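Some notes on the structure that comes next.
The values are calculated or read from the model by the stated rules, or taken from the named source; none is laboratory data. Keep in mind that what you see is a predicted model, and the values were worked out from it rather than measured. For neighbour counting, all protein chains shown are included, and Cβ atoms are generated from backbone atoms with ideal geometry for every residue, glycine included. These accessible areas exclude ligands, DNA and RNA; they are computed on the full protein's heavy atoms, side chains included. Shrake-Rupley method; radii C 1.70, N 1.55, O 1.52, S 1.80 Å.
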Amino acid sequence: MRRSTRVKTEPVEPEIKPAVTTPKNKKSEEKKPETSKRSASKLKSAKTEPETSPKSDEKRRKGRPATSSERKGVAPVNDAQDRKDLAEFKRAKAPKDILTSYTTEHALAKFFSGAIRAATNNELICPGCKKAFASHSGMVYHIQRCKESLVEWEATRDTLTYSEVKEHPWMWVAGSKRAKDEMAAAAFKETTDGVECVRAVSCGSTSFKDQKSLVEHLNSCCVPTYNQFRGEIEEFRVMDKKMRTTLIRFAMSANGGQLPCLSCGKMFEHKFGLAYHLDRCGFTEDNSGEIPWRCYRCGFNGKVNDRESHLEVCDVPASEAAKPKNQRVGKSEMDGDTILELSSKRRRTGGVSVANGAVPGDSSQTRFTASGLKRFKFRKSEAMQLSITIAADLEKYRASIESAIEEHEKKDESQGCEMLRRRAEMKKGEWKRVEEGSYIASLRDKKSIGMRQKTVDDFVQAFGKTNSNTKRTTIPPVVEHAEKPDGLTRITAFTSETVETPCTPSVSIGYAGGPIAATLLAPNPLSENCECLAVLSFPNDEILVDSTTGKKDWRQTDAYIQLWRVEKSKEEKMKKMGEEETREVTRCDLSLWFMLKIEGMGLALAANWMPRSESSDMVGFLAVAMSDGTIVIYCIRKDSVSMEGLKEDEIAVVCPQPILTLKAPTIEEVNSLRRTQREERRGEVTNEFDLSGERLTRSARAQMQSQTTAVVEGEAMTLPSVPPSVREGLLEDVKPMAGLMEMETNEEENGGSEIVSAPKADTGSVISTPVRRTKAEQRKELQRMRMAKTEDCSPPPPPPIIAVAWSPFTSCSSIAAVDAAGTVIVWELEENMILEGEEDALHPSRVFVDIEWVSPAINVAWMDERLLGVSFAERIIRVLNTTTGECQLEENTVRTAGKALMAAGSCFDGLFIYQSEYYNATEAPETAVVYLAYDVDREGYFVVPLTNRHGLMVWAVGVSSSGVIATAGADGRLQLSMNGKVVPRGCIVDLSVNLHTDHFLLIRNRVTKEEEEVEKVEEQSGSKAKNPLPPPVYASHDDVTDNMWLDIVCEDADTVSGPSLPQGLLDQRVESLNAVTLSSHSPSSPADHIVVTGGEAGLLFARSCYIEEKGVGSANWLNMASRKWSRTPSKESTPRPRSRASKEPTPKNKI
């Protein structure tokens, strides 16, 4: 490889030139000139140019660029003219004064250049908007476009008086020229000594002797400014809106783009924000009605309290509001046809409305279902109305619900089912008490899980910080502890305790002795301040279903329905922590009334009260679904059970006969209906003995083709090779023929054929020969085997009834139910349907089943006289017409359709759907509740998402007669909400109502000891390794009570997040709430309504369900004047944890 060589040379020192300091971006004088001819000529001319003085150079650089004459020094700058231009600029009071004197851009540029050169800081301030400019070109461009130069005070007053202008000086600019002259003339007529300025104290002027001088002075003195109204915000609000906006714009431009409020001093950076604030500053919830309000139709100036009354009598209709003021026509100027046309038009509601029922067809949120219906689903933000709740709309919403219930009762004036009333009168009498029995005696000493009350401050102190996200600020609780704390409260079965809270209504807690299956408040109260509660509970805490009498078959055991009394009273609570001001709330107290024993019919799985019962001495009719496939109906009166002679610790137990028993159809009848449907779908007509329409599976057909001919005692018969599972399902429990007592199967040796062995001695030989049968022969053989059933072959037991719904329509004479096999059954309670000889049983019913249903039905709810909503296990909702049996609607959208539903037909015409697919969440998967609004007369339906969301699962939904929607879930939360999109019957507009609160929260705690390790020897290598043991599982009642307890959060429950426990799905979920019910009657005030819920721990919680309007107050009065407002935090919408200002001792950690 060749190496490169370098020649060593001596370093040459560069020539050092003297440094010359030159300004930035300027050519140095030492730089060599260019060699071109053009550059040479420039250099020559530069040498011959005379030098100018530094002063003239400095003055030339100011303002406009120097002209050629100035560069040559022949025309020096005129300082006197510049000072004259500056003085003239300062005399200008508005930009229009300058534009009047200088009409061309050249004249303006020359004028501003001179003024800028003479100015102290070499800049000018616009007389209109007070902006500063340092160049004449910028000033020229701005002065021609400044908005302040185009603003003219609008002459809105034709008359002025001296006293009026002296009190409100700003009125001078709003007067016309004629009004000003007339006011000045009238002022000089009243005095001969001269007239003073209306602002003489402020401006310091003397009196004027003539009218002209007075008017000229007032034109310059009475121009209002924003700062003149400092501390006089009431005076500022009296001004016209346009004048107020102009003053705010003037002052904000002069103050650098921001301006403080005239009253509170809060800074704003936008004129509209400040104007909106000035109209509402200083108002509270108490005087919110005094907020200034201006009619958008006719311009009437009033207050918020006058809004509703004025709009009712306003002469200008709403359709004219969009036109200019001078083109609007009042009702007094319209003819009769035009007024009639305006009244027939529907009111615009600002978008899609559930009330008017018009489903938009061109919206991206609309899709067509398979049946051709239009389906519109609201977005969550639309359904929540941006968390706005207007107090006036809230009152209208409650009044609309009350009106819908009254209209429903007027439509059907009967007091319920007439047949049941007559049967109840026949069996009227006092129920005799019976012995408690072993089951109730076993629950006497049973105690609930331990409980304690917790506050938000307790969680903050334990955790030390909070988790914040876009939705809410939450506090995750600590739920695993090394040992069980002291001071826990345990409740004995059938007794109750009360949790006292400082600010919210107290909570009454009762213990039912077992997991709660259902809670039901009666339609009629026991008294003015007492309601009746029916409770269904399971006998076993671990497996739920068990026998209460020791019998092996739980279908024949005894059931116990608990009837509780809910006493209501008033108590005083603080409005806020640490304040002396109090308010009156409703207090609840639970106590056991009596127990209803249902003998020998299995466990009670579901129940429902008759929706209406107007009799004064009656609590209601209770329908109970039993596990033996029947529904029993009881009439419970206020004097049914006598409490005379009852000891203090004794429980009243009664066992009356039901007034009516509804029996479901048998499985054979349902299967026959399915076969008929299948034959009709296939278009084949078969007789009673023909099975050509019978459908067989491929495996069953293959097994029947391979049969065995057996010879027993010289007679040959064919034995089908059908396994017992197929025989039970296909042949419907066909009993083997007589004579074939013992059968052995050897599939490996005989190819799947069954061989009949000799059952007894002295029998003929058995010879088996495989025989192939045709399809027709197989059908005939199957029918012959069915007909060969003997009398001692008992039919399968009827499936249990798992859901029951009582229709509030047609005099409450319809009851729908669902059995465990997924069959929908409807009974019509009519007198002529009772069978002779069975006065207590009602057999005839209508069965709804379809072979196309791929999953069983789970729940039903009545929407109308003939519309029945049905939910299925595959999360599909179908609306059936009970008259024709047709499916009118099918909802199967993910996260909308669920496994369960409920309806409140007396006030709403839709369905509340829950137990849908999970939503993705950070803490745990959630499920939500949606409302499906459907009417037969409409061409589509709406889907409205609600704010009620629960972790893991929503177990129950309830609706009160005041419109409160309550949900109970597996996360231990009880949530209450109200939504204006859930429109009552008869309401013609969607109201701005959206309330939500977490009523209380249950938190499950457990004792988790240190992890123990166990040695494990691997089989292959033989090495030993230590693996930690899993934590213990607490599932039985003793383990749960010894190692677990519940924390009850009654205030600010929405600020506490749900806990996440390891092995949480293996422990008994004692915090889960399984049932919820609300008051269904209509008392004088919605504040008297209560909610009762129960759950896995067997505990009942009763509390007032009136949603506090603390978070609504700041929203409703702000929105009375304007429907648009910025979202403000509130307890119902965006909860925040609070720390108590007062450290007074409060009842916590103790019940």
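Provide 439, 296 ordered by accessible surface of protein heavy atoms (probe 1.4 Å), highest first. Write out the running numbers ahead of the final one.
Values: 439 35, 296 115 Å².
Output order, biggest surface exposure first: 296, 439.
Along the Cα→Cβ direction, 7 angstrom out, place labels at residue 190 and residue 120. What is the inter-label distance in nm?
4.3 nm
What FRET efficiency comes out for the pair residue 287/residue 182, r = Cβ-Cβ distance, R0 = 41 Å, nearest 0.05? The partial results should precede the final answer.
Numbers: r = 39 Å, r/R0 = 0.95.
E(calc), rounded to 0.05, equals 0.55.
Which length gain, in nm to one decimal place, applies between residue 500 and residue 227 when the Cα-Cα distance is subtracted from 0.36 nm times their residue separation?
Working: separation 273, 0.36 × 273 = 98.28 nm, distance 5.34 nm.
Between residue 500 and residue 227, full extension yields an extra 92.9 nm.
Can you compute the FRET efficiency between residue 582 and residue 887 using 1/(1 + (r/R0)^6), with r the Cβ-Cβ distance and R0 = 45 Å? Round to the nearest 0.05. It would help to have the intermediate numbers written out before the result.
On the way: r = 55 Å, r/R0 = 1.23.
Given R0 = 45 Å and the Cβ-Cβ separation, E is 0.25.
Normalised by the empirical 2.2 N^0.38 Å for globular proteins, what value does the Cα Rg of the stretch 501-653 take? Working shown, then result.
Details: Rg = 18.3 Å, N = 153, 2.2 N^0.38 = 14.9 Å.
Compared with the compact-globule rule of thumb, the stretch 501-653 sits at 1.23.
Please list 170, 955 from largest to smallest accessible area, probe radius 1.4 Å, with all protein chains kept in place. Mind dumping the intermediate values first?
Numbers: 170 15, 955 105 Å².
Heavy-atom accessible area, descending, gives 955, 170.
Rounded to the nearest 0.05, what FRET efficiency do residue 103 and residue 369 have when you use their Cβ-Cβ distance and R0 = 60 Å? Spell out each step's value before the answer.
On the way: r = 71 Å, r/R0 = 1.18.
Working from the Cβ atoms, E equals 0.25.
Which percent of the accessible area of the stretch 842-945 is formed by carbon and sulfur heavy atoms (probe 1.4 angstrom)? Working shown, then result.
On the way: 1580 of 3660 Å².
Here carbon and sulfur together make up 43 percent of the probe-accessible area.
Residue separation times 0.36 nm, minus the C-alpha to C-alpha distance between residue 570 and residue 309: what's the value? Before the final figure, lay out each step's value.
Details: separation 261, 0.36 × 261 = 93.96 nm, distance 3.51 nm.
Once the chain is fully extended between residue 570 and residue 309, it gains 90.5 nm.
Do any of 242/325; 597/638; 90/212; 84/131; 432/647; 432/638 go past 19 Å between their Cα atoms, and which?
Values: 242/325 14 Å; 597/638 17 Å; 90/212 25 Å; 84/131 22 Å; 432/647 16 Å; 432/638 14 Å.
Too far apart for the 19 Å limit: 90/212; 84/131.
For the full complex of protein chains and a 1.4 angstrom probe, list 141, 634 by accessible area with the highest value first.
Details: 141 140, 634 5 Å².
Descending order: 141, 634.
With a ≥ b ≥ c taken as the square roots of the eigenvalues of the C-alpha gyration tensor of the stretch 497-564, please select rounded if a/c is under 1.5 and otherwise prolate if a/b is larger than b/c or oblate if it is not?
oblate
Return a whole-number percent for the relative contact order of the stretch 920-979, with Cα pairs under 8 Å and 6 or more residues apart as the contact set. Please report the intermediate quantities before stating the final value.
Working: 105 pairs, mean separation 16.0, N = 60.
This gives 27 percent for the stretch 920-979.
Using 0.36 nm per residue, how much length does the chain from residue 438 to residue 167 gain when fully extended, once their Cα-Cα distance is taken away?
On the way: separation 271, 0.36 × 271 = 97.56 nm, distance 9.01 nm.
Full extension of this stretch gives 88.5 nm more.
Using alpha carbons only, how many angstrom separate the centre of the stretch 482-505 from the centre of the stretch 952-968?
25 Å
Roll a 1.4 Å probe over the protein heavy atoms and report the accessible area of residue 294 in Å², nearest 10.
Approximately 100 Å² of residue 294 is accessible to the 1.4 Å probe.
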